1. Where residues in region B:29-61 are of a type outside the set (S, T, N, Q) and surrounded by fewer than 15 Cβ atoms within 10 Å (Cβ to Cβ), which of them is nearest to A:PHE130 (Cα to Cα)?
2. In the set B:ALA178, B:ALA156, which member is hydrophobic (A, V, I, L, M, F, W, C), more than 8 Å from chain A (Cβ to nearest Cβ) and either within 20 Å of the chain's Cα centre (by Cα) or surrounded by fewer than 18 Cβ atoms within 10 Å (Cβ to Cβ) (or both)?
3. For A:GLU77, only one of the following conditions fails: (1) within 27 Å of B:ASP43 (Cα to Cα); (2) open to solvent by 50 Å² or more (accessible area, probe 1.4 Å); (3) within 16 Å of DNA strand C (Cβ to nearest atom); (4) free of Cβ contacts under 8 Å to residues at least 60 places away in the same chain. What is its number?
4. Among residues belonging to region A:110-119 that are surrounded by 19 or more Cβ atoms within 10 Å (Cβ to Cβ) and in contact (Cβ under 8 Å) with a residue 24 or more places away in the chain, point out the one that is farthest from the chain's Cα centre (by Cα).
5. When you go through (1) within 16 Å of DNA strand D (Cβ to nearest atom); (2) open to solvent by less than 60 Å² (accessible area, probe 1.4 Å); (3) out of contact with any helix residue (DSSP H, G or I) (no Cβ under 6 Å at 6 or more places or on another chain) one by one for A:ALA106, which number turns out not to apply?
6. Only one of (1) within 7 Å of another protein chain (Cβ to nearest Cβ); (2) under 20 Å from A:VAL115 (Cβ atoms); (3) in contact (Cβ under 8 Å) with a residue 12 or more places away in the chain is not met by A:PHE151, so which one is it?
7. From (1) assigned by TED's automatic domain parsing to the domain that holds A:VAL107; (2) within 15 Å of DNA strand D (Cβ to nearest atom), pick out the condition that doesn't hold for A:SER64.
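The values are calculated or read from the model by the stated rules, or taken from the named source; none is laboratory data. In this text, all values refer to a predicted model and were calculated from it rather than measured experimentally. We place every Cβ from the backbone using ideal geometry, glycine too, and count neighbours over all the protein chains shown. For accessibility, only protein heavy atoms count, side chains too; no ligands or nucleic acids. Shrake-Rupley method; radii C 1.70, N 1.55, O 1.52, S 1.80 Å.
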2 protein chains.
Amino acid sequence: MPTPPPRTTTPPEPVVPHADGFAARRAATSQQILQAAAQVMADRGYAGTSLDAVAELAGVAKGSIYNNFGSKERLFEALIAHTMDRFSATLAAAPDGRTGAAALEAVVSALLVEVRDNPAGTQLLAAELFRMGRTWQESLEPVRERIVSVFREVIAQANPAADVSVVGPAVFGATLIAGLEWRTFQPERTLPDITGVVMGSVRSVLEPAG
Amino acid sequence: MPTPPPRTTTPPEPVVPHADGFAARRAATSQQILQAAAQVMADRGYAGTSLDAVAELAGVAKGSIYNNFGSKERLFEALIAHTMDRFSATLAAAPDGRTGAAALEAVVSALLVEVRDNPAGTQLLAAELFRMGRTWQESLEPVRERIVSVFREVIAQANPAADVSVVGPAVFGATLIAGLEWRTFQPERTLPDITGVVMGSVRSVLEPAG
DNA sequence: GTCTATATTTGGATAGAC
DNA sequence: GTCTATCCAAATATAGAC
């Protein structure tokens, strides 16, 4: 490949996303970088993502990534933390006082909403979550644990006899995979529709035994 | 890192795995490379795996990888194909004439057996399966489809009213995630035990409606 | 057809201008 | 604090001996 032509993206333009006054303009580039990183890493995974690609998509120089995050690994950790804040907050708050089947349905629906509305974050999580090598185990295991624990707890509350250490992950997996399939192959279907089908598939976890 | 000491692995030894006569010695190094690639890629993923690491683990020179597979991408494709042969053959053959709940239980159990006995292949598949970028979509989408279709078909046979396009992936996801959790955190539990818990979680897919 | 170099490219990280 | 330019390690791929 020859020398790439000096990119024509308006260079000095200050890029004010939504001029809302004064303070909230500070970490504008950080947000752009995070968003771009989420997109690229969702496609190619952590190792497969080059910071050149992130910088190009974010519309910033590669040096800015280092000024804002220090290293590729710390960028990834910041991205995971950012994604997790949204995930865990949404899932943990979903029951909102409900109990039993209603609580489980709320959690299932909340996860499906994330799959639909935050596809980059969801796919990054799904793809990296299964890497069990000691490399990421430290930074990703707590993430998996926090998500699964929401399912475990709501199921345990609804059915104290349930074997939540296996059933919790099972319901989580059913929701996640069904959600990915929904978003990819049947996006025209509605959230209540898919929620109902998933709940219908796993509703026996709330019943005594088989 | 200084010059690595000239590796002490017995260099010229012909490495005859199981001297069984004549013909079946041909692709010995290919098998070693595939097995090593499965192990390393399960930990680090495709992009995170260096051919140096594969060559070292396989006990062959890096040049041999190129003689046998041509490129890193073609090695990965061969590995996926190899893993898929085992997966799809096992899952598709699992029902073995059974119908209804017994057929579904056989498929669930067969997937759990793979998770237990073929951890490298399972994790590679799980980790790479969720990458939706057009990069791997072409080579991995058929893989996902073949696996999910086994679940869809056995459920459709057992319960014609089931919404298999969503329920199939849901049961697959429940089994896969529960199996990974089993293998990682509770390996002391037995296969029939886990199979029973998973089946108990999703048994309602075989019933009329909720 | 497997090994030991070596070539070439990619990509993480840094230095210094502005 | 963002950019351009550069360094350097790592990794894909190739050449050629044996």
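1. B:ASP52
2. B:ALA156
3. Tallying (1) within 27 Å of B:ASP43 (Cα to Cα); (2) open to solvent by 50 Å² or more (accessible area, probe 1.4 Å); (3) within 16 Å of DNA strand C (Cβ to nearest atom); (4) free of Cβ contacts under 8 Å to residues at least 60 places away in the same chain, A:GLU77 fails exactly one: (4).
4. Ranking the candidates gives A:LEU112 first.
5. Exception for A:ALA106: condition (1).
6. (1)
7. Every condition holds for A:SER64 apart from (1).
Rundown of residues vs (1) touching a Lys or Arg at 6+ places or on another chain (Cβ under 7 Å); (2) within 14 Å of another protein chain (Cβ to nearest Cβ), yes/no style:
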| residue | (1), (2) |
| --- | --- |
| A:ASP85 | no, no |
| A:LEU112 | no, yes |
| A:PRO119 | yes, yes |
| A:LEU124 | no, yes |
| A:ILE147 | no, yes |
